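I have placed the structure first, in the form of structure tokens, so that the comments after it can refer back to it.
Just so you know, all these numbers are worked out from the coordinates, no wet-lab data involved. Predicted model only: the values in this text are computed from it and were never measured. Neighbour counts are summed over all protein chains in view; Cβ atoms, including those assigned to glycine, are modelled from backbone coordinates with ideal geometry.
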Amino acid sequence: MRPTIHDTCYRSLAWVLKPKCHVGGSFMKSDITVVGLGAMGSALATALLDAGRNVTVWNRSPDKMMPLQESGAQGANDLSEAISASPKTVICLLNYSTTNALFETPKVSKAVAGRNIIQLGTSSPQESQDIKTQFNEWGAGYLDGTIMCWPGNIGKPSGRIAVAGDSTAFSECDGDLNILAGDMRYLGSNVRSAATLELAFLARLLGIIFGSIHGALVCEAEGVPVSEFTSILPPGDRAIPLTETIHAGSFDKISGGGASVDVAGEAVTGLYDHAVSMGINSELPTLMREWVRRAQDAGFGSQETAAVIKILRKS
């Protein structure tokens, strides 16, 4: 539920009246900072605001801060100011390479000292390990997490987030993290755990996606409408929008909760790279990666993942 004007006024007044403190020589303005305001980052910031937290936000495109500022968040002029404003920062950026590029500048890396950093994004287990080492060297506590739900689930009992890393950092951030998801899981001090769990979940999801594409192909080969396949799937099944797209032939429109062939390709490549790096069996991700590459070569990269069926029909 969006805050009313009374909620916004109350938050603004509470921020003015709230006692300020100094941590590490920096003037603290808020309880927590959110960096990265895409659909997911905005949902995280909104949930914290709705729970009464004083929130500072920052995004490379300042216009994305405006809706949250209207809801009571404090907008920072730059990243170092955003980090310095709070004892905790949630990072929700496209990838860890982006995080590295933004945080490695001396001004920003100095600002993280004495603070807790919670990064919620997609990474490999090795990337999680490497970035923890870097933040610890800068003097920050670090938690690495994965969000296993849609933006609409954030702040609700249906939300699911898993984090791993410094136990002290988790105890200090636990109250804020539990606002973000009803199913909040701390996986322990092994910082690779959250990214590993995400890979395992991704393997299952990709199996459903590509297995369902083949299932639709089976129906087409036998003259059974793909809509009949859709009708026997359980409510909420991930394959429903996929098979509906195949039945309708609406590949140019990304289905609700769906993704493009290019996005699926990034996911499959991550799964493949991990299998190769760890020396485990890579046959399944190799097959899925080959299907995606053929679809991309055919010019279907921007279409719904279901478009992979078009290259399988030609086999």
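Descriptive notes on the structure:
- Proportion of all alpha-carbon pairs of segment 238-315 beyond 16 Å (%): 50
- In this structure, the residue pairs whose Cα-Cα separation is over 19 Å, taken from Lys253/Lys310; Lys88/Lys156; Lys29/Lys88; Lys253/Lys314, are Lys88/Lys156; Lys253/Lys314.
- Using Cβ point charges alone (K and R +1, D and E -1), the dipole size of segment 196-312 about the Cα centre works out to roughly 80 debye.
- Gained length - Asp183 relative to Asp130, 0.36 nm times residue gap less alpha-carbon distance: 16.4 nm
- Degrees between helix 39-50 axis and first principal axis of the chain (Cα, 0 to 90, nearest 10): 40
- About the Cα centre, charge dipole magnitude for segment 46-113 (Lys/Arg +1, Asp/Glu -1 at Cβ), debye: 180
- With only Cα atoms counted, segment 32-74 has Rg and Dmax values of 8.8, 25 Å.
- For segment 5-190: Kirkwood Rh in Å [reciprocal of mean 1/r, alpha carbons]: 16.3
- Inter-probe distance in nm under a simple model that places probes 7 Å from Cα toward Cβ, at Leu312 and Ser277: 2.9
- Database remark: amide H of Gly114 closer than 5 angstrom to the amide H of Ala140, Gly141 (H placed geometrically; neighbours at sequence offset of 5 or more, or on other chains; Pro and chain starts carry no H).
- Nearest-ten-degree value, helix 283-297 long axis tilted from longest Cα axis of the chain: 80
- Gaussian network model of the chain, springs between alpha carbon atoms under 10 Å - residue of Arg53, Arg204, Arg192 with greatest fluctuation: Arg204
- Intensity falloff of the chain expressed as log10 I(q)/I(0), Debye formula with alpha-carbon point scatterers, at q = 0.12, 0.15, 0.16 Å⁻¹: -0.86, -1.18, -1.27
- Relative to the longest principal axis of the Cα atoms of the chain, helix 5-17 runs at roughly 40 degrees.
- Most simply put, the chain has about 25% antiparallel DSSP beta bridges, counting only bridges with both residues inside it.
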